[in-house]
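Structure first, commentary second.
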């Protein structure tokens, strides 16, 4: 057999393997259409944390109370979009520019991982996948994100995300997070509290809302300044929020934002 014939057979075999792999990934996509009308009764992350605690022989308490998006502070809704996915309302589930930028940064640091996940991708991960990184898992995450965007409105995707995302050990969703960290409801969160919850994502253990360092303060200040620029707070509310996150006086915006 000639080398050309062998090369062609290898190429044909690779095409078949890729096609079968793609088909398998697509078939693994769960039915996301039902989420338009139904709230999930659990998530992959909740199930994982429960198993991890059981394996370690540790007690584990789930804090999770569902709230419609209208009963979640507008400050938290905005802050999560500012912090996690600026292009949330315009992309189709995947922000390819963000993925490209994250991949370039990973390669620069000699890491083989892919970041840049949108809120829709993070919802897919929380509902159906795991925190473990890998290209196959990332491919499934992207396919599920497309399915979520096909079947759900942006408002519903944000509502689901705010209700299932992890905000501490056993703490899931905005209502439980607000009560756990600030002893208030998700609806009553202040601008400063919303900023602190938003910057805790996607790692609420290392970035717990009760922790404060220069990096976290800087992130919170950015979100509070965006609140002012977007007209969600006035100058007095901005100053109060900045004081509450420990920002210096010079971070106040002028009365007129150009």
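The values are calculated or read from the model by the stated rules, or taken from the named source; none is laboratory data. Here the structure is a predicted model, which is why all the values come from computation and not from measurement. Reconstructed Cβ throughout: ideal geometry from the backbone, glycine too, with neighbour counts over all protein chains shown.
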Query raised in the report: Which residue, of 38, 63, 12, is modelled with pLDDT of 95 or more and exposed (fewer than 13 other Cβ atoms within 10 Å of the Cβ)?
Result: 38
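Can you give me the number of residues within segment 48-73 that are closer than 17 Å to residue 173 by Cβ and in a helix (DSSP H, G or I)?
Let us first name the residues in segment 48-73 that are closer than 17 Å to residue 173 by Cβ, namely 48-50, 60-73.
Remaining after also requiring in a helix (DSSP H, G or I): 48-50, 69-71.
Residues flagged as closer than 17 Å to residue 173 by Cβ and in a helix (DSSP H, G or I) within segment 48-73 amount to 6.
Filter segment 130-141 down to the residues that are within 15 Å of the chain's Cα centre (by Cα) and surrounded by fewer than 20 Cβ atoms within 10 Å (Cβ to Cβ) and list them by number. Quick ask: steps written out before the conclusion?
Filtering segment 130-141 for residues within 15 Å of the chain's Cα centre (by Cα) gives 130-133, 138, 141.
Correct list: 130, 131, 132, 133, 138.
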Query raised in the report: Does any residue of segment 32-44 turn out to be within 19 Å of residue 202 (Cβ to Cβ), within 17 Å of the chain's Cα centre (by Cα) and either free of Cβ contacts under 8 Å to residues at least 60 places away in the same chain or in a helix (DSSP H, G or I) (or both)?
Result: yes
**Report entry** Odd one out for residue 184 among (1) more than 30 Å from residue 47 (Cβ to Cβ); (2) touching a helix residue (DSSP H, G or I) at 6+ places or on another chain (Cβ under 7 Å)
**Finding:** (1)
Report summary line: Pairs returned, first residue in segment 144-173 that is at positive phi and outside any strand (DSSP E or B), second residue that is at pLDDT below 95 and buried (at least 22 other Cβ atoms within 10 Å of the Cβ), beta-carbon separation under 7 angstrom, 6 or more apart or interchain, are none
Query raised in the report: Right, residue 178: modelled with pLDDT of 95 or more, closer than 22 Å to residue 219 by Cβ, in contact with a helix residue (DSSP H, G or I) (Cβ under 6 Å, 6 or more places away or on another chain) and assigned to a helix (DSSP H, G or I) or not?
Result: no
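Please indicate, with yes or no, whether at least one residue in segment 102-117 is at pLDDT 80 or above and either under 17 Å from residue 164 (Cβ atoms) or out of contact with any strand residue (DSSP E or B) (no Cβ under 7 Å at 6 or more places or on another chain) (or both).
So the first thing to find is which residues in segment 102-117 are at pLDDT 80 or above, and the list is 117.
In the following step, the residues that additionally are either under 17 Å from residue 164 (Cβ atoms) or out of contact with any strand residue (DSSP E or B) (no Cβ under 7 Å at 6 or more places or on another chain) (or both) were identified as 117.
There is at least one residue in segment 102-117 that is at pLDDT 80 or above and either under 17 Å from residue 164 (Cβ atoms) or out of contact with any strand residue (DSSP E or B) (no Cβ under 7 Å at 6 or more places or on another chain) (or both).
Go through segment 186-227 and report how many residues are surrounded by fewer than 22 Cβ atoms within 10 Å (Cβ to Cβ) and assigned to a helix (DSSP H, G or I). Break it down stepwise before answering.
Pass one, segment 186-227, residues surrounded by fewer than 22 Cβ atoms within 10 Å (Cβ to Cβ): 187-188, 190, 201-208, 210-219, 221-222, 225-226.
Filter once more, so that each one left must be assigned to a helix (DSSP H, G or I): 214-219, 221-222, 225-226.
Of the residues in that region, 10 qualify.
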